[in-house]
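Participant: Would you mind keeping the following structure in view while I ask a few things?
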Amino acid sequence: MKSPAIGFGRSREGLDYQSLDGQPAHLFFMIAATEGANDDHLEALSRLATFLMDSKFRDRMLAATTKEEVLQAVTDKEAEVDGTDGEAEASTPAASGKKILAVTACPTGIAHTYMAAEKLNERAKERGIQLKVETNGSSGVKNRLTDAEIAEADAIIVAADTKVEMARFAGKPVIQTKVGKAIYETDDLLDRAIGGDAPEYKHDRTKEDANDGDSKGGFYKHLMNGVSNMLPFVVGGGILIAISFFWGINASDPSSPDYNEFAAMLNTIGGGNAFFLMVPVLAGFIAMSIAERPGFAPGMIGGLIAITVTGVEEASGGSGFLGGLIAGFLAGYVTLLVKKAFSVLPDALEGLKPVLFFPVFSIAITGIIMMLVNPQLTKVYTAISSFLESLGGTNLVLVGLLLGGMMAIDMGGPVNKAAYTFGIAMLDAQNFNFMATVMAAGMVPPLGMAIATTLFKNKFTKPEREAGKTAYVLGACFITEGVIPFAAADPARVIPACVAGAAATGALVMLFDIGLRAPHGGVFVMGLVDGGITKVLFYALAIIAGAVITAIVAGLLKKKVAAAV
């Protein structure tokens, strides 16, 4: 291939393509990329998949009689998605003639970011509101707002639970809210935007971009910025460590008869490097969220001190996750103070501040404080870990019940993230039961609702039953957000059902004493459960039991749909 290309084919009668729904396939696409291409083919695939969700676009592709009509259908859809379709805007004039912009971002940049954008676009289109949405996802910023668009905008909605670039909105009416609000309270946000109920945003460069540290939700945003950037290290490192145990629990120990060089290599990469960087990265990005780029270096140094300077015998891991959290916030606010202290220097020294004054003083102050307090933090962290490890019987089951319920109560929101973060902290402390509990419980809500749509068809609309098919896959992949469409439509019945099933699963996992060293992956990492095939079967049983409980409770609570077609 000398240049990227997309091939298209169509079968009016349909062909057996072993589709997931068992139905014949009519539209076929081949994406051919050049050697060494970046992620252009993935972006094309993502964009194409989005287009094909529109039934009108599919109908045009099926009805086209010439290649020109096919290309025109794609061109029109691109114009519609990019907000450049002049004819569409003319046919549905913008409400009050106002131009609205939006930015969506969630900590992981996977689910909520795009769900919020889709919901905003959908409601804006239905109401004839001129809207463009920028997404800050895990793969980067998409559909970026231009300076010209920002200048012309009448209002801007920033629905984000993590740091986004805010300086560009200075002087514009801006509504700042959580990403979940854009999913559940879409119309309210749009009403506020077109109604002029948006305060003027004033950007203070001495404070972090997203929110100042004292504002509502600031702590959570800083924490989630650290957690989201830490996750690749946790997931990649954790799964590599878990895979190394396929050769035996001591396969990475050169003195063990089970020693395997490849297993030792995986363990070194995952545990000795990826996991070692977990806490410094967490601290670094928390500090960066608070104090922007100058906070990153002192945050990293503070996090490194947290896991290496203990002052306590037989506590090689230092204060671990707890110390990393404290180091991150400490470094961030110390850097803000340093920046404020040096703000009185003449403009001639402005260039020296970020490369000399800020790093020297913020690293020194953060480092000295962490060196002094980390031995005490290590004692606290060690005591907490020992206490949790000493729990047994009923106490441990109750902890599982609580963690399981937390994973389901807000579908990927703050409570869910708090439970997951706790699981990661315990994973770092070499306690694997909590991670197994959190992952199993997080899989239950989407799986349970998917089963409910299969067993109680008369309780769900046709779109919900179709969403149920997707929920099977999302649940299996440990994407709790897959239940959001059901929860948004009927929260009073769906959320209690999900909490009941997830809590039951959490209790069962603890009761069965199941441990898991992989922090993500769903069913694809079940084989890594400690204890062999017996424990794997018990783990699957706990997940299935919780999902069935959720399905039955949801089926009993929900009312019949008037016209379930």
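Participant: Enumerate the helices (runs of 4 or more DSSP H) found wholly within region 459-565, keeping only those where 2 or more residues are charged (D, E, K, R) and surrounded by 15 or more Cβ atoms within 10 Å (Cβ to Cβ).
Facilitator: 462-476
Participant: While we're looking at this one, here's another question. Please tell me if residue 153 is buried (at least 21 other Cβ atoms within 10 Å of the Cβ) and either over 30 Å from residue 417 (Cα atoms) or more than 27 Å from the chain's Cα centre (by Cα) (or both).
Facilitator: Against the criterion (buried (at least 21 other Cβ atoms within 10 Å of the Cβ) and either over 30 Å from residue 417 (Cα atoms) or more than 27 Å from the chain's Cα centre (by Cα) (or both)), residue 153 qualifies.
Participant: Moving on to the next point. State yes or no: is residue 485 more than 13 Å from residue 551 (Cβ to Cβ) and under 19 Å from the mean Cα position of the chain (by Cα)?
Facilitator: yes
Participant: Filter region 65-105 for residues that are loosely packed, with under 12 Cβ neighbours inside 10 Å and modelled with pLDDT of 85 or more and give the result.
Facilitator: 65, 66, 67, 68, 75
Participant: Ok, one more. Go through the residues of region 441-457 one by one and say whether even a single one is open to solvent by 30 Å² or more (accessible area, probe 1.4 Å) and either without any contact (Cβ under 8 Å) to a residue 12 or more places away in the chain or of a type in the set (Ser, Thr, Tyr) (or both).
Facilitator: Taking every residue of region 441-457 in turn, at least one turns out to be open to solvent by 30 Å² or more (accessible area, probe 1.4 Å) and either without any contact (Cβ under 8 Å) to a residue 12 or more places away in the chain or of a type in the set (Ser, Thr, Tyr) (or both).
Participant: Here are the criteria: (1) open to solvent by 10 Å² or more (accessible area, probe 1.4 Å); (2) in a helix (DSSP H, G or I); (3) closer than 28 Å to residue 528 by Cβ. Tell me which single one residue 282 does not satisfy.
Facilitator: The single condition residue 282 does not satisfy is (1).
Participant: Still on this structure, I have one more. Report, by residue number, each residue of region 254-269 that is surrounded by fewer than 17 Cβ atoms within 10 Å (Cβ to Cβ) and either within 29 Å of residue 421 (Cα to Cα) or touching a His at 6+ places or on another chain (Cβ under 6 Å) (or both).
Facilitator: The answer is 265, 268, 269.
Participant: For residue 182, are the conditions met, namely being surrounded by fewer than 19 Cβ atoms within 10 Å (Cβ to Cβ), in a helix (DSSP H, G or I) and at pLDDT below 90?
Facilitator: No: the conditions fail for residue 182.
Participant: Follow-up. Could you list, in sequence order, the residues of region 231-247 that are without any contact (Cβ under 8 Å) to a residue 60 or more places away in the chain and open to solvent by less than 20 Å² (accessible area, probe 1.4 Å)?
Facilitator: 237, 244
Participant: Could I ask something else about it? Against the condition aromatic (Phe, Trp, Tyr) and within 14 Å of residue 440 (Cβ to Cβ), how does residue 512 come out, does it pass?
Facilitator: Yes.
Participant: Out of 331, 341, which single residue is surrounded by fewer than 16 Cβ atoms within 10 Å (Cβ to Cβ) and either assigned to a helix (DSSP H, G or I) or touching a His at 6+ places or on another chain (Cβ under 8 Å) (or both)?
Facilitator: On inspection, the qualifying residue turns out to be 341.
Participant: Next up: Out of all the residues in region 6-29, which are surrounded by 12 or more Cβ atoms within 10 Å (Cβ to Cβ) and in contact (Cβ under 8 Å) with a residue 24 or more places away in the chain?
Facilitator: 6, 8, 10, 26, 27
Participant: Inspect region 295-304 for any residue being open to solvent by 50 Å² or more (accessible area, probe 1.4 Å) and within 30 Å of residue 528 (Cα to Cα) and give the result as yes or no.
Facilitator: yes
Participant: Tell me yes or no: at least one residue of region 106-122 is open to solvent by 10 Å² or more (accessible area, probe 1.4 Å), in contact with a helix residue (DSSP H, G or I) (Cβ under 8 Å, 6 or more places away or on another chain), modelled with pLDDT of 85 or more and more than 23 Å from residue 479 (Cβ to Cβ).
Facilitator: no
Participant: In this structure, does residue 244 turn out to be in contact with a helix residue (DSSP H, G or I) (Cβ under 8 Å, 6 or more places away or on another chain), in a loop (DSSP other than H, G, I, E, B) and more than 30 Å from residue 356 (Cβ to Cβ)?
Facilitator: Spelling it out, it is not the case that residue 244 is in contact with a helix residue (DSSP H, G or I) (Cβ under 8 Å, 6 or more places away or on another chain), in a loop (DSSP other than H, G, I, E, B) and more than 30 Å from residue 356 (Cβ to Cβ).
Participant: When you go through (1) open to solvent by 10 Å² or more (accessible area, probe 1.4 Å); (2) more than 17 Å from residue 322 (Cα to Cα); (3) not in a helix (DSSP H, G or I) one by one for residue 401, which number turns out not to apply?
Facilitator: (3)
Participant: I'd like the full set of residues that are open to solvent by less than 10 Å² (accessible area, probe 1.4 Å) and modelled with pLDDT of 80 or more, limited to region 210-223.
Facilitator: Of everything in region 210-223, just one residue is open to solvent by less than 10 Å² (accessible area, probe 1.4 Å) and modelled with pLDDT of 80 or more, namely 222.
The values are calculated or read from the model by the stated rules, or taken from the named source; none is laboratory data. Remember, it's a predicted structure, so these values are computed and weren't measured experimentally. Heads up, the Cβs are rebuilt from the backbone with ideal geometry, glycines too, and the neighbour counts pull from every protein chain shown. Heavy atoms of the whole protein, side chains included, go into the accessibility calculation; ligands, DNA and RNA do not. Shrake-Rupley method; radii C 1.70, N 1.55, O 1.52, S 1.80 Å.
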